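The values are calculated or read from the model by the stated rules, or taken from the named source; none is laboratory data. On a predicted model such as this, the values are computed, not experimentally measured, just so you know. Cβ coordinates were reconstructed from backbone atoms using ideal geometry, including for glycine residues, and neighbour counts include every protein chain displayed. For the accessible areas, the whole protein counts, side chains as well, though only heavy atoms, and no ligand, DNA or RNA atoms are used. Shrake-Rupley method; radii C 1.70, N 1.55, O 1.52, S 1.80 Å.
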Amino acid sequence: MFARRKFSAAKSLLEYMGLESGRLQFSWISSAEAEKFATTANKVVERVRELGPANFMQKLPLEQVA
């Protein structure tokens with residue numbers, strides 16, 4: 001329960017910062033569930049690739065900062 005609350009808070013913070021919600025995932029997986037872990041990891045990678053680069057974190061040229 002504690003992990004789920006922390007995940008929810010982190011997701012809200014990242015969304016507030018402008019990060020798409022699909023970039024952060026949460027899943028309960030036992031250490032004995034290697035196949036489930038691999039499947040879940042591959043799904044997360046696919047979702048993030050579909051979203052593309054996180055453009056809001058790119059450096060601005062110095063001319064645009066001022």
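What the table shows:
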item	result
Cβ-Cβ FRET estimate between SER30 and LYS59, R0 fixed at 35 Å, reported to 0.05	0.30
Most mobile of GLU50, GLU33, GLU20 in a GNM of the chain (Cα contacts under 10 Å)	GLU33
LEU14 - accessible surface, heavy atoms, 1.4 Å probe, Å² rounded to 10	50
3J(HN,Hα) from dihedral phi, segment 28-45, Karplus parametrisation 6.51/-1.76/1.60, rounded to Hz, x for glycine, proline	8, 9, 6, 5, 8, 9, 4, 5, 5, 4, 4, 4, 5, 4, 5, 5, 5, 4
GNM flexibility winner over the chain from SER12, SER31, SER21 (Cα, springs under 10 Å)	SER31
Relative frequency of Cα-Cα separations exceeding 17 Å in the chain, percent	58
